[in-house]
1. For the subset of the range 245-266 comprising residues that are closer than 23 Å to Ile128 by Cα and aromatic (Phe, Trp, Tyr), which member is surrounded by the fewest Cβ atoms within 10 Å (Cβ to Cβ)?
2. Answer yes or no: is there a residue in the range 212-230 that is surrounded by 20 or more Cβ atoms within 10 Å (Cβ to Cβ), closer than 26 Å to Leu338 by Cα and either in contact with a Gly (Cβ under 6 Å, 6 or more places away or on another chain) or not β-branched (Val, Ile, Thr) (or both).
3. All but one of (1) in a helix (DSSP H, G or I); (2) under 15 Å from Leu16 (Cα atoms); (3) at pLDDT 80 or above hold for Pro104; which doesn't?
4. Kindly check whether there is at least one residue in the range 308-318 that is aliphatic (A, V, I, L, M) and more than 14 Å from Tyr382 (Cβ to Cβ).
5. Out of curiosity, is Leu280 among the hydrophobic types (A, V, I, L, M, F, W, C), in contact with a helix residue (DSSP H, G or I) (Cβ under 7 Å, 6 or more places away or on another chain) and either farther than 28 Å from Lys138 by Cα or at pLDDT below 95 (or both)?
6. From the list Asp66, Asp70, Asp74, pick out the single residue that is acidic (Asp, Glu) and surrounded by fewer than 16 Cβ atoms within 10 Å (Cβ to Cβ).
7. Kindly indicate whether Glu337 is touching a strand residue (DSSP E or B) at 6+ places or on another chain (Cβ under 9 Å) and of a type in the set (Asp, Glu).
8. With the requirement that a residue be in contact (Cβ under 8 Å) with a residue 60 or more places away in the chain and touching an Asp or Glu at 6+ places or on another chain (Cβ under 7 Å), what does the range 213-242 give you?
Amino acid sequence: MNSISPRTPENTHRNLCHYIHSALTVNWSGDGWRVQPCCFTPEVNTKIDTSDRDWYSKLWPTLRQDNLTDRPLDGRTCGTCIKDEIVGKRSPRMGSLDKWGASPLMGATGPVELEVQIHNTCNNACMICGPGSSSLWKRYADRQDATALSRLCTRDDLRDLLSNLDLGQLKQIKLLGGEPLLTDGHHHMVELVRDKGVDLSGLTLWYNTNGSRRVDKQTLDLWDRCRQVFVYFSLDDTGDAFNYQRFPGDWQTVTENMRWFRDNTGPNVVLRLERTVGLLNAHRLWSLEDWRRREFAETAHGYHTEINTHMAHGLFSLDNISGRHLEFLLADQHNLELLRRIYPVDTLSGNDDGRVLEMVRRQDRLRGVDICHYFPEFPSLYD
């Protein structure tokens with residue numbers, strides 16, 4: 001079993017990461033469970049044997065020990081956070097320490113935070129996503145990229161995952177998909193941790209949803225017993241621009257469902273907006289900001305409705321912005337001010353990557369849509 005010393009003022013260091021020591025991201029692979037410290041570390045994705053009583057303590061011994069001795073983070077494993085911190089952005093690593101602190105996390109025998117991707121079943125094929133996280137995306141993916149699960153996760157699979165996992169320190173569960181509200185997996189997960197002795201009154205749940213589904217009374221009753229429930233609606237834009245980016249999502253349906261959540265959930269349920277910013281919407285940040293201010297500034301219980309922002313990764317990352325697109329962004333001073341609040345714009349340089357326009361055109365053909373309906377300038381910025 002790993003021996004991890006508590007963090008003290010004497011061994012405080014710059015590279016400490018909560019995720020490496022006391023968090024766990026779990027993905028159902030179709031024939032078993034695979035785990036990694038966080039969703040940004042696929043290079044250390046590890047298949048586990050849930051029948052092994054000590055499987056959690058055996059995870060990533062070198063990575064954990066290196067992190068305690070202040071060795072620089074490995075660029076192959078922790079590249080996302082390294083890159084963020086180099087350009088002055090707050091990384092997921094830094095955010096985790098803000099949230100959880102450091103001292104109580106060392107030596108954890110089980111996760112404080114558990115992130116579970118129960119399935120990739122999804123009714124959207126968002127442009128910034130891919131087949132690994134969306135079953136619908138397979139319809140639009142190249143053959144070599146298509147990912148299909150051999151079978152969906154069952155309640156018994158979830159029970160196996162938890163059977164030899166110490167949940168005594170568990171404070172938070174993030175429930176992801178696919179679209180987590182499309183199946184009963186999220187409900188089974190909460191019931192199973194409760195049955196293992198977790199006091200729901202001390203547990204926080206996080207959901208990331210595309211807003212296409214509501215929840216039933218059984219779920220609402222379960223939420224009422226939890227300390228807090230955060231429901232993040234994935235909204236990158238509004239109107240037709242939303243419909244394009246979150247294809248085939250429907251803006252009217254999603255906003256009606258959001259109002260239903262606002263009117264039908266208890267005071268411990270916090271509704272927030274989850275925005276991913278990249279090449280397709282960086283020029284329109286004002287749109288979601290204005291809509292939130294007009295239509296969804298507060299919940300029924302007086303919570304301010306915040307916009308939580310992530311930057312897109314992969315092809316639609318701002319790292320791949322073309323020179324002409326960058327000039328286009330810099331010309332709109334109002335929107336540029338909003339972008340500067342979330343991204344170090346001065347670090348951008350034009351990178352005319354032909355793959356961006358090629359991907360957009362291919363997906364437009366397959367989906368029967370046209371980016372020009374909401375972003376008419378886009379082809380000329382990459383052509």
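1. The selected residue is Trp251.
2. So far as the range 212-230 goes, no, none of its residues is surrounded by 20 or more Cβ atoms within 10 Å (Cβ to Cβ), closer than 26 Å to Leu338 by Cα and either in contact with a Gly (Cβ under 6 Å, 6 or more places away or on another chain) or not β-branched (Val, Ile, Thr) (or both).
3. It is condition (3) that Pro104 fails.
4. As a first pass, look at the range 308-318 and keep what is aliphatic (A, V, I, L, M): 311-312, 315, 318.
Going one step further and asking which of them are more than 14 Å from Tyr382 (Cβ to Cβ), we end up with 311-312.
Checking the range 308-318: at least one residue is aliphatic (A, V, I, L, M) and more than 14 Å from Tyr382 (Cβ to Cβ).
5. For Leu280, the condition - among the hydrophobic types (A, V, I, L, M, F, W, C), in contact with a helix residue (DSSP H, G or I) (Cβ under 7 Å, 6 or more places away or on another chain) and either farther than 28 Å from Lys138 by Cα or at pLDDT below 95 (or both) - is not met.
6. Asp70
7. Here the answer is no, as Glu337 does not meet what is asked.
8. Residues satisfying the conditions are Tyr232, Ser234.
The values are calculated or read from the model by the stated rules, or taken from the named source; none is laboratory data. This one's a predicted model, so the numbers in the text were calculated from it and none came from an experiment. All Cβ positions, glycine included, derive from the backbone under ideal geometry; neighbour counts span all protein chains shown.
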